[in-house]
């Protein structure tokens, strides 16, 4: 059985997808093809397939891609299931075209033991609509004081390690984490926030924070951690991934490290590719993010970083919060935004429609690249190949829609993009050979 998916409900029908534009970045395929699915696997990819199947799908004019992968989501399980849970979070995922998500460890109790890694896997097998893998904490309780059970979590199935939401403040502990994670072959994902510069901060340090009288969060808080970590890791060579970059200067730091051949990758999220700190004036706490929304120059630098290949991963940082919590004053409201249901269209709007990249490149950033980041490519996840898992996303590039709350199928609605006109929408999500969502 492929990890991250239950076999208690095997695919019961064969599916033939006809005349789709098939984009598979791993193999370089970009052509019209028929694709046949049987018993949860892809059994044929040909120009024309004459066999019949239980279900025939006319995909003319649509794009068939490997199932989208999000390596940075918060499912709030265990401990905060009033905000989201595995069932609701994976339902939101397939509604956005995602067939695989990797959940972060800021849960209660913290996802820092093999038992909780196994709990996530078992619950996802019972309730999940897509594949769920765990990113385990690197330190106990994400407190940055004692090393977590990294080797045991690795053996239990963790696909990466992170104290997500909490930076590892101690340089000595960070070095130990790098050394330990390196032995597993997995990736360490850092939330970059120099804490002494951000205490009490609610938004980007700039003209809007001054105008509103809010404590500002400077770019340097992100950049200093990136610089420190790159230096600490130089002699170790652990795979190092920077989560949700917000500063344009951070893109330059990553590019410099990559030019030196260091194992550094980075991700961008939909909100940082679209919005600036000015959104706080119109959307209030719905635009309160960590790291914060910054300025137009940062938005452009992030888009350029995607275009030139510095940023190789797109990830939502899907962070559900109850409406009552977001109604609190700015200083008390939680940071975060949901993103799974709308992410693809927002990425397309920010990057493809602006001419920064083309559609095949966008698919690469959402499939094979995150699969490689989390070592899921070894299972066939992130590509379309005969004999591989039938995890597929069907996209209508001409599907124009306006985002409404009705489109949000998870438990939480904290998003400032309601009312936005979007194009290019995933219209069918197939996981393990089963149609899990269709518009």
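The values are calculated or read from the model by the stated rules, or taken from the named source; none is laboratory data. Quantities reported herein were computed from a predicted structural model and do not represent experimental measurements. Every residue, glycine among them, receives a Cβ derived from its backbone with ideal geometry; neighbour counts consider all protein chains shown.
Results, tabulated for the structure shown:
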{"item": "Unmet requirement for residue 307, which otherwise passes all of (1) touching a residue at least 40 places away in the same chain (Cβ under 8 Å); (2) closer than 16 Å to residue 72 by Cβ", "result": "(2)"}
{"item": "Residue check, residue 407 outside the structural domain of residue 270 (by TED's automatic domain parsing) and either touching a residue at least 60 places away in the same chain (Cβ under 8 Å) or buried (at least 23 other Cβ atoms within 10 Å of the Cβ) (or both)", "result": "yes"}
{"item": "In region 296-320, residue nearest to residue 408 (Cα to Cα) [restricted to those that are in contact with a helix residue (DSSP H, G or I) (Cβ under 6 Å, 6 or more places away or on another chain) and assigned to a strand (DSSP E or B)]", "result": "314"}
{"item": "Criterion violated by residue 224 - all others in (1) within 23 Å of residue 177 (Cβ to Cβ); (2) within 22 Å of the chain's Cα centre (by Cα); (3) not in a loop (DSSP other than H, G, I, E, B) satisfied", "result": "(2)"}
{"item": "Qualifying positions in region 121-158 - part of a helix (DSSP H, G or I), within 21 Å of the chain's Cα centre (by Cα) and in contact (Cβ under 8 Å) with a residue 40 or more places away in the chain", "result": "121, 123, 124, 125, 127, 153"}
{"item": "Some residue of region 195-206 being in the same structural domain as residue 134 (by TED's automatic domain parsing), assigned to a loop (DSSP other than H, G, I, E, B), farther than 24 Å from residue 303 by Cβ and free of Cβ contacts under 8 Å to residues at least 40 places away in the same chain", "result": "yes"}
{"item": "Any chance residue 378 is more than 28 Å from residue 130 (Cα to Cα) and surrounded by fewer than 21 Cβ atoms within 10 Å (Cβ to Cβ)", "result": "no"}
{"item": "Residue match in region 251-259 (condition: assigned to a loop (DSSP other than H, G, I, E, B), assigned by TED's automatic domain parsing to the domain that holds residue 168 and either under 16 Å from the mean Cα position of the chain (by Cα) or in contact (Cβ under 8 Å) with a residue 24 or more places away in the chain (or both))", "result": "no"}
{"item": "Residue 402, sole failed condition from (1) in the same structural domain as residue 433 (by TED's automatic domain parsing); (2) more than 23 Å from residue 435 (Cβ to Cβ); (3) crowded, with 21+ Cβ neighbours inside 10 Å", "result": "(3)"}
{"item": "Counted residues, region 377-394 - those being outside any loop (DSSP other than H, G, I, E, B) and over 18 Å from the mean Cα position of the chain (by Cα)", "result": "4"}
{"item": "Residue tally, condition free of Cβ contacts under 8 Å to residues at least 40 places away in the same chain, farther than 17 Å from residue 249 by Cα and in contact with a helix residue (DSSP H, G or I) (Cβ under 7 Å, 6 or more places away or on another chain), over region 181-194", "result": "1"}
{"item": "Count - residues of region 381-399 that are out of contact with any strand residue (DSSP E or B) (no Cβ under 9 Å at 6 or more places or on another chain) and crowded, with 18+ Cβ neighbours inside 10 Å", "result": "0"}
{"item": "Residue tally, condition touching a helix residue (DSSP H, G or I) at 6+ places or on another chain (Cβ under 7 Å) and closer than 20 Å to residue 371 by Cα, over region 158-180", "result": "2"}
{"item": "Residue list for region 331-345, filter: surrounded by fewer than 24 Cβ atoms within 10 Å (Cβ to Cβ) and within 18 Å of the chain's Cα centre (by Cα)", "result": "335"}
{"item": "Lone qualifier among 432, 423, 419 - being on the phi > 0 side of the Ramachandran plot, surrounded by fewer than 17 Cβ atoms within 10 Å (Cβ to Cβ) and not assigned by TED's automatic domain parsing to the domain that holds residue 100", "result": "419"}
{"item": "Residues of region 159-173 satisfying the condition of being modelled with pLDDT of 95 or more, within 17 Å of residue 189 (Cβ to Cβ) and assigned to a loop (DSSP other than H, G, I, E, B)", "result": "159, 163, 166, 167, 168, 169"}
{"item": "Residue identified as at pLDDT 95 or above and part of a strand (DSSP E or B) among 44, 53, 60", "result": "44"}
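Table: residues versus (1) part of a loop (DSSP other than H, G, I, E, B); (2) farther than 25 Å from residue 289 by Cα.
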{"site": "340", "(1), (2)": "yes, no"}
{"site": "356", "(1), (2)": "yes, no"}
{"site": "375", "(1), (2)": "yes, yes"}
{"site": "398", "(1), (2)": "yes, yes"}
{"site": "411", "(1), (2)": "yes, no"}
{"site": "415", "(1), (2)": "yes, no"}
{"site": "435", "(1), (2)": "no, yes"}
